[in-house]
Amino acid sequence: MLFISFFLGRFAYRKNRHSPLFMSFKTFCYFLAIFVSACVFASCKGPIPDDHEGTTEGPEADFYISSNDSGLTLSFSNFNIANTDSFTIQVNKQPAAFRMLPDKLMFIPHDSVPPGRNIINFAYRKNGVNDTLNKVYFHVLNISYKVVNTYPHNRNYFTQGLLFTENGDLVESTGLTGQSRILFYRKTGAKTFKPVDSIVNQGQEFGEGIAIVGHQLVQLLWQNGYIRIYDKSTRKHLRNLEYAREGWGICNDGNIIYTSDGSGYIHQIDISGDKVNILKSIQISDENGLIQHINELEFANGLIFANIWQTAMVYVIDPRAGLVIGKIDLSSLAMKEMQMNNTIDVLNGIAYNPSKNTYLLTGKNWGFFYEIQLEENLVTPQ
Ligand SMILES: [Ca+2]
């Protein structure tokens, strides 16, 4: 190739000094040296494997995954599907449905790929020899929703925690030193939650998340070094328990109490003793790696819904696997609040209403509670 360029270049020189094909003898020698070196280097890599239509199933064979709303597309490199005797696709060791696309790509519908971390396995047989290619694919649902109701929320409340009792009454905890309290609401009419009682925190107490654990109402405090426990029915203060971590969010699945502390961990805690014991700490990841700033928590349908601090996102977490399986982008609600009052703070507060399968959300100093219905049918992880 270089020799041809050289001679064409010399020829072109006579015709047109500015031809792009022109190459001086010095330049020619330079490229010739590179070309010879490349040939020697290539020969050191050993024989080129048996070629078929320009592709090989050599050690570089691989596949890549791209996704859209309906499923995954697998594209192959250094691999010719037509050159195999047979092949299968498995997702987490289970046969997966797929179809071939005309350009020798494969399509796997999302039904075959559960949310969370998946191993996609492509097993093939060629010339009587079996081989496999594996890839990890992290499937995170983008969960859409619709707002089914809005209710006024007092803008003075720096919301930290929100829950529904089994009677359907709403409880909110608020923060800031000197302003922290727990508010008990009754639903009055179709469009209003009215505060009917409250517990006011004292001194330096900075209220955070709340949860109901049996007959107790548990209130986290931010950096006070203890949590407060009240009788759920009488609302009388029962005791304080020493807690070494920062209090952010708390929820209860009926057996396990989970807390967050602003890090990427969710802790399982025990409050039956004379101080809070951390039983287990679970580090949470999503498709990009470890996450941070887990805030208010809510347990629903086997999953933890977590506000991510300083974002308008709620992450849906499978606590047993420590994985984010879905994300709810609530930035349109945050934007709406911002347009009404630009002094609002972040989205915070999630309460699940099991009787309607809806979620009530608000934010620090927001003007409204928003009741939303998810458009994704979340299945409790097995
Ligand atoms: Ca909550």
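The values are calculated or read from the model by the stated rules, or taken from the named source; none is laboratory data. Because the structure is a prediction, the values reported are computed rather than measured. Methodologically, a virtual Cβ is constructed for each residue, glycine included, from the backbone with ideal geometry; neighbour enumeration extends over all protein chains shown.
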Applying the selection to region 262-298, what residues are farther than 20 Å from residue 244 by Cβ and out of contact with any strand residue (DSSP E or B) (no Cβ under 9 Å at 6 or more places or on another chain)?
289
Going through region 58-86 one residue at a time, which ones are in a strand (DSSP E or B) and surrounded by fewer than 13 Cβ atoms within 10 Å (Cβ to Cβ)?
64, 66, 77, 86
Go through the residues of region 226-240 one by one and say whether even a single one is buried (at least 22 other Cβ atoms within 10 Å of the Cβ), farther than 22 Å from residue 370 by Cα and either free of Cβ contacts under 8 Å to residues at least 12 places away in the same chain or within 16 Å of the ligand (Cβ to nearest atom) (or both).
yes
Members of region 101-119 that are of a type in the set (A, V, I, L, M), surrounded by fewer than 15 Cβ atoms within 10 Å (Cβ to Cβ) and closer than 20 Å to residue 69 by Cβ
101
Strands (runs of 3 or more DSSP E) contained in region 317-382 and holding at least 2 residues farther than 24 Å from residue 288 by Cα
347-353, 358-363, 368-374
Given the structure, is residue 181 at pLDDT 95 or above, among the basic types (Lys, Arg) and surrounded by 12 or more Cβ atoms within 10 Å (Cβ to Cβ)?
yes
Filter result for residue 270 (within 16 Å of the ligand (Cβ to nearest atom) and either on the phi > 0 side of the Ramachandran plot or modelled with pLDDT of 95 or more (or both))
no
Go through (1) within 14 Å of the ligand (Cβ to nearest atom); (2) in contact with a Leu (Cβ under 6 Å, 6 or more places away or on another chain); (3) without any contact (Cβ under 8 Å) to a residue 60 or more places away in the chain one by one and return the number of the condition residue 317 breaks.
(2)
Sort out which residues of region 241-255 are in a loop (DSSP other than H, G, I, E, B) and either without any contact (Cβ under 8 Å) to a residue 12 or more places away in the chain or within 15 Å of the ligand (Cβ to nearest atom) (or both), and write them in order of number.
247, 248, 249, 253, 254, 255
Among the residues of region 159-176, write down those that are more than 15 Å from the ligand (Cβ to nearest atom) and either at pLDDT 95 or above or closer than 16 Å to residue 347 by Cβ (or both).
176
Output the residues belonging to region 126-172 that are free of Cβ contacts under 8 Å to residues at least 60 places away in the same chain and within 20 Å of residue 340 (Cα to Cα).
154
Residue among 220, 176, 183 that alone is closer than 23 Å to residue 299 by Cβ and under 30 Å from the mean Cα position of the chain (by Cα)
220
